[in-house]
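Reviewing the structure listed below.
The values are calculated or read from the model by the stated rules, or taken from the named source; none is laboratory data. Keep in mind that what you see is a predicted model, and the values were worked out from it rather than measured. Heads up, the Cβs are rebuilt from the backbone with ideal geometry, glycines too, and the neighbour counts pull from every protein chain shown.
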Amino acid sequence: MRKNFGSKPLLYPQAVFIIGSYDENGNPDAMNAAWGGVAGWDRIFMCISSHKTTDNILARGAFTVSMGTADTVVPCDYVGIVSAKDDPEKMKKSGFHTVKSEFVDAPVICELPMTLECRLISYDKENDYLFGEIVNVSADESILGEDGKISVEKLRPILFDGAASAYYAVGQKVGNAFCDGAVLK
């Protein structure tokens, strides 16, 4: 038997994205968002309504997107529940430190080891759709595997469970993409 939940945005996994931007005075800001993903090889899509971060992105034409990690759950959650409109000390209180991206006019959060550096393509205010061009992906060497690629096991990204309002860590490999299904050919 199946249980019906009605129309809800319950889809797994929902990554915990931390969107970084600069405000009108050049101060870094960040927000937590779960509705987004890739929209092509060099495109990213985010669904964000009216926030200080949205205003910043529209004014600067750039933003960064990092994945929250198991080691940063508390500050990642904090930047999602506190608005920079209400607390200008938000970033300081989060404990996050930033450096300016080399590629776009947006901050890279030092404590988040992987960052997509993006240029704004468009924002549909009516539907809250934000599209960006991924200009660069930067990763701290601490999350690279022996092959020089980003290691999910070392990154330890977190996922959002909207049904339980909880975060879960990712990291256990359970198969090989484009390979394991070949046994059914």
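Going by the structure shown, is Ala164 part of a loop (DSSP other than H, G, I, E, B) and either closer than 20 Å to Gly37 by Cβ or of a type in the set (Gly, Ala, Ser) (or both)? Spell out how you get there, then give the answer.
Details: part of a loop (DSSP other than H, G, I, E, B): yes; either closer than 20 Å to Gly37 by Cβ or of a type in the set (Gly, Ala, Ser) (or both): yes.
It is true that Ala164 is part of a loop (DSSP other than H, G, I, E, B) and either closer than 20 Å to Gly37 by Cβ or of a type in the set (Gly, Ala, Ser) (or both).
Filtering region 68-83 down to residues that are outside any helix (DSSP H, G or I) and at pLDDT 95 or above, which residue is nearest to Val108 (Cα to Cα)? Before the answer, list the steps.
Residues of region 68-83 outside any helix (DSSP H, G or I): 68-69, 82-83.
From what is left, the residues that are at pLDDT 95 or above are 68-69.
On the way: Gly68: 13, Thr69: 15 Å.
Taking the candidates together, the pick is Gly68.
Do you know which of the residues in region 105-155 that are assigned to a loop (DSSP other than H, G, I, E, B) and polar (S, T, N, Q) is farthest from Gly36 (Cα to Cα)? Full working, then the answer.
Narrowing region 105-155 to residues assigned to a loop (DSSP other than H, G, I, E, B): 105-106, 110-113, 125-128, 140, 145-149, 151.
Still in the running and polar (S, T, N, Q): 127, 151.
Numbers: Asn127: 13, Ser151: 21 Å.
So the residue we want is Ser151.
Working only within region 20-53, note down all residues that are hydrophobic (A, V, I, L, M, F, W, C) and in a strand (DSSP E or B).
Of region 20-53, the ones hydrophobic (A, V, I, L, M, F, W, C) are 30-31, 33-35, 38-39, 41, 44-48.
Ala30, Met31, Ala33, Val38, Ala39, Ile44, Phe45, Met46, Cys47 - these are the residues of region 20-53 that are hydrophobic (A, V, I, L, M, F, W, C) and in a strand (DSSP E or B).
Out of all the residues in region 105-124, which are touching a residue at least 60 places away in the same chain (Cβ under 8 Å) and under 15 Å from Leu58 (Cβ atoms)?
Asp105, Ala106, Cys118, Leu120, Ile121, Tyr123
In region 164-185, which residues are closer than 24 Å to Pro9 by Cα and either at pLDDT 85 or above or exposed (fewer than 10 other Cβ atoms within 10 Å of the Cβ) (or both)?
Of region 164-185, the ones closer than 24 Å to Pro9 by Cα are 164-171.
Once the filter is applied, which keeps residues that are closer than 24 Å to Pro9 by Cα and either at pLDDT 85 or above or exposed (fewer than 10 other Cβ atoms within 10 Å of the Cβ) (or both), region 164-185 yields Ala164, Ser165, Ala166, Tyr167, Tyr168, Ala169, Val170.
Among what's in region 1-19 and is in a strand (DSSP E or B) and β-branched (Val, Ile, Thr), pick the residue that is nearest to the chain's Cα centre (by Cα).
The extreme case among them is Ile18.
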